[in-house]
Amino acid sequence: LGGVDPLESLSGIQARLANLGYQVAVTGSWDTETAEAIARFCDANDIEEPPPQAVTRTFLDKLKDVHGF
C-alpha cells in the first residue's frame, strides 16, 4: 500500500482531492487545477473557499473528514 503525504502539505491536499475524484495532479505546486479542485470541493461541501494559495483549518478538517484521514 502506498502512503499519502501529510494533510497540511499541498501534495497531501492534492492527493486527497484526487482520491475523492477531483481533477488535480499531485505536483506539490499551486496551479489553476489545484485552485479549481479546492473551489469545487468547498462548493460541494458547503464550506467557505480559502484565500488564494492558502488553506484554512475549516478546509483541512472537512477534507480529512470526507477523505477519512
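The values are calculated or read from the model by the stated rules, or taken from the named source; none is laboratory data. None of the values given here were measured: they were computed from a predicted structure. Glycine also receives a Cβ, built like all others from the backbone with ideal geometry; neighbour counts cover every protein chain displayed. In case anyone asks, the SASA skips ligands and DNA or RNA and just uses the protein heavy atoms, side chains included. Shrake-Rupley method; radii C 1.70, N 1.55, O 1.52, S 1.80 Å.
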Exercise. How large, in percent, is the carbon and sulfur part of the accessible surface of the chain at a probe radius of 1.4 Å?
Worked result: 47 percent
Problem set entry | the chain, relative contact order in percent, only Cα pairs under 8 angstrom and at least six apart counted | 26 percent
Seminar exercise, completed: For the chain, the per residue accessible area (1.4 Å probe, Å²) is 61 Å²
For this session: Can you list which of the GluC sites (Glu not before Pro) found in region 9-69 are DSSP loop residues with at most 15 other C-beta atoms within 10 Å?
Result: GLU48
For this session: Mind putting together the pair-distance distribution for the chain? All Cα pairs, 5 Å bins, whole percent per bin, short to long.
Result: 3, 19, 34, 31, 11, 2, 1
For this session: Loop only per DSSP, at most 15 neighbouring Cβ atoms within 10 Å: give me the chymotrypsin sites (Phe, Trp or Tyr not before Pro) in region 1-48, ordered by residue number.
Result: TRP30
For this session: Would you check the accessible area of LEU10, probe 1.4 Å, heavy atoms only, in square angstrom rounded to 10?
Result: 30 Å²
